[in-house]
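Asker: Before I ask anything, let me first share the structure, which is written out below as structure tokens.
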Amino acid sequence: MITAAPLATPEKAAIPEPAPRWQQAWRQALRDPVELLALLQLDPAALGVSSDALAQFPLRVPRSFVARMRAGDRNDPLLRQVLPIDREMQVVPGFSFDAVGDGAARKATGVIQKYRGRALLVTTGSCAIHCRYCFRRHFDYAAENASRDHWQPAMAAIAADPDIDEVILSGGDPLSLATPKLAELTDALMRIPHLRRLRIHSRLPVVMPERIDDELIQWLGHLPWPVAFVIHANHANEFAADVDAALARLRNTGAQLLNQAVLLRGVNDSVDALAALSERSFAAGVLPYYLHQLDRVQGVAHFEVGDAQAQALHAALMARLSGYLVPRLVREIAGDSSKRPL
Ligand SMILES: *Cc1c(COP(=O)(O)O)cnc(C)c1O
Ligand code: SF4
């Protein structure tokens, strides 16, 4: 709104930096299932939309991701990943609240180390999208968030362990932090001489490609370490022209792009869907890395694909695709020294 009188005297008015455009896309993300389904011309009642599931883990989905959903298709593989439904509220034995042992692997506030040589930094609890099958849907981010001005203990823990040569920026989604915050974080990491690699785990290039802007590319391009950038896409339909452009920019910084996917019933549990995902990822400059069996947390049982079927899918994928297009099929077991191949 334009006001007739200035709100502050000119000498006092600090001119704020204009907010990056991606933050506008962030604010415009859909949060209301009724609005989402109206856009897709679908009936909420017919889909079993659940207010309890919504209250447990809110809906959040960026508009550019919604634009890649097919209107009128209640089985759309992208829609299924984000829509809160009543099946999430069924209590299923064997599905817990800390399935991956994050509690036990905590090295310092915000630092999780399970495997030799690499430490995972929980930089934030925020994500641009809320994936219903996420193992972190019950994670206590308020307590475990290294970004809440207590990066110091995390940095001290990494600095004190010369065996750690790789730091993984994770979360939540690390790219939900503003770029100057990320730069602050990497500036602190640069003071740790034994780091050899930086890894970034982010779903943002896929779900909100606007995030890959000039400022982010500048930051990435000037990091002193080789960077592995691990995106997360589960279906070929998640790729589109704007995603391709964002990935091309990331690749031009010299980062190695990898994809991790989760094997999900009703989303990608067919050889055709998995092959299309690998081929589409590679066309965008991204190598398949992991295909995860989902972590068994409460609320996700209806997404689970049994181990026998998962192995059969993986074998069929190997018989169909070039070796480098076949991701490793793994499961995370608390206490193991690496992800466990199935
Ligand atoms: C999955 C994971 C890693 C990364 O494992 P890689 O096999 O190197 O990809 C690192 N730390 C934690 C805590 C993890 O859960
Ligand atoms: S983007 Fe990743 S961390 Fe965030 S909700 Fe989805 S799966 Fe979970």
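The values are calculated or read from the model by the stated rules, or taken from the named source; none is laboratory data. Every value quoted in this text rests on a predicted model; they were computed, and no experiment measured them. In this analysis, Cβ positions are derived from the backbone assuming ideal geometry, glycine residues included, and neighbour counts consider all displayed protein chains. We work out accessible area using only protein heavy atoms, side chains counted, and drop any ligands, DNA or RNA first. Shrake-Rupley method; radii C 1.70, N 1.55, O 1.52, S 1.80 Å.
Asker: With a 1.4 Å probe and every protein chain left in place, work out the accessible area per residue of the chain in Å², rounded to a whole number. Spell out each step's value before the answer.
Answerer: Values: 15660 Å² over 342 residues.
With all protein chains present, the chain gives 46 Å² per residue.
Asker: Still on this structure: State, as an integer percentage, the relative contact order of the chain based on alpha-carbon contacts under 8 Å between residues 6 or more apart. Don't jump to the answer; show the numbers that get you there.
Answerer: Details: 601 pairs, mean separation 56.2, N = 342.
Relative contact order comes out at 16 percent.
Asker: Is region 251-302 best put as rounded, prolate or oblate by its Cα gyration tensor, with a ≥ b ≥ c the root eigenvalues, rounded for a/c under 1.5, and otherwise prolate when a/b is larger than b/c, oblate when not? Walk me through the intermediate numbers first.
Answerer: On the way: a/c = 3.76, a/b = 1.73, b/c = 2.17.
It comes out oblate by the Cα gyration axes.
Asker: Leaving ligands, DNA and RNA out of it, work out the accessible area of residue 281 with a 1.4 Å probe and give it in Å² to the nearest 10.
Answerer: About 0 Å², rounded to the nearest 10.
Asker: For region 270-342, what D do you get in µm² per second when you plug the Kirkwood radius from alpha-carbon pairs into Stokes-Einstein at 20 °C and 1.002 mPa s?
Answerer: Working: Rh = 13.1 Å.
So the translational diffusion coefficient is about 163 µm²/s.
Asker: Right, another one. I'd like the trypsin sites (Lys or Arg not before Pro) in region 162-218 restricted to DSSP loop residues with at most 16 other Cβ atoms within 10 Å, sorted by number. Numbers along the way, then the final one.
Answerer: Details: sites: 181, 191, 196, 197, 199, 203, 211; in loops: 191, 196, 203.
Passing sites in region 162-218 are 191, 196.
Asker: Sticking with this structure for a sec: What figure in square angstrom, to the nearest 10, would you give for the accessible area of residue 244 with a 1.4 Å probe?
Answerer: Accessible surface of residue 244 is approximately 50 Å².
Asker: What ranking of 107, 339 comes out by heavy-atom accessible area, probe 1.4 Å, highest first?
Answerer: Output order, biggest surface exposure first: 107, 339.
Asker: Something else about it: Please check which bits of region 111-139 a label hung off residue 334 would reach, taking the label as a point 7 Å along Cα-to-C-beta and the cut-off as backbone N under 16 Å.
Answerer: 112-115, 135-139
Asker: Summing +1 for each Lys or Arg and -1 for each Asp or Glu, what net charge is found among the other residues whose Cβ lies under 11 Å from the Cβ of residue 177?
Answerer: Details: positive: 181, 211; negative: 173, 184.
Within the 11 Å Cβ shell, the charges total 0.
Asker: Right, another one. Where in region 173-201 does the amide nitrogen come within less than 17 Å of the point 7 Å from the Cα of residue 222, taken along Cα to Cβ?
Answerer: The answer is 178-191, whose backbone nitrogens lie closer than 17 Å to the label point.
Asker: Under a crude label model (7 Å from the Cα following the beta-carbon direction), how far is residue 163 from residue 283 in nanometres?
Answerer: 4.4
Asker: Restricting to DSSP H runs of at least four residues, report the calculated mean residue ellipticity at 222 nm for the chain, -39500 (n - 2.57) per run over all residues, nearest 500 deg cm²/dmol. Kindly include the intermediate steps, with their values, before the conclusion.
Answerer: Details: 13 runs with 106 residues, N = 342.
After summing the helix terms and dividing by residue count, I get -8500 deg cm²/dmol.
Asker: Springs between alpha-carbon atoms under 10 Å, Gaussian network over the chain: tell me which of 117, 94, 171 tops the mean-square fluctuations.
Answerer: Highest fluctuation of the listed residues: 94.
Asker: Next up: Considering only protein heavy atoms and a 1.4 Å probe, what is the carbon-and-sulfur percentage of the accessible area of the chain? Mind dumping the intermediate values first?
Answerer: Values: 8420 of 15660 Å².
Exposed carbon and sulfur together represent 54 percent of the surface.
Asker: So, one more: Express in nm, to one decimal, how much length is gained between residue 52 and residue 96 on full extension, taking 0.36 nm for each residue of separation and deducting their alpha carbon distance.
Answerer: Length difference between fully extended and current span is 14.0 nm.
Asker: Which aspartates and glutamates does residue 114 reach when only Cα atoms under 17 Å apart count, and residues fewer than 8 places away in its own chain are ignored?
Answerer: 98, 102, 144, 161, 163, 165, 166, 295, 332, 336
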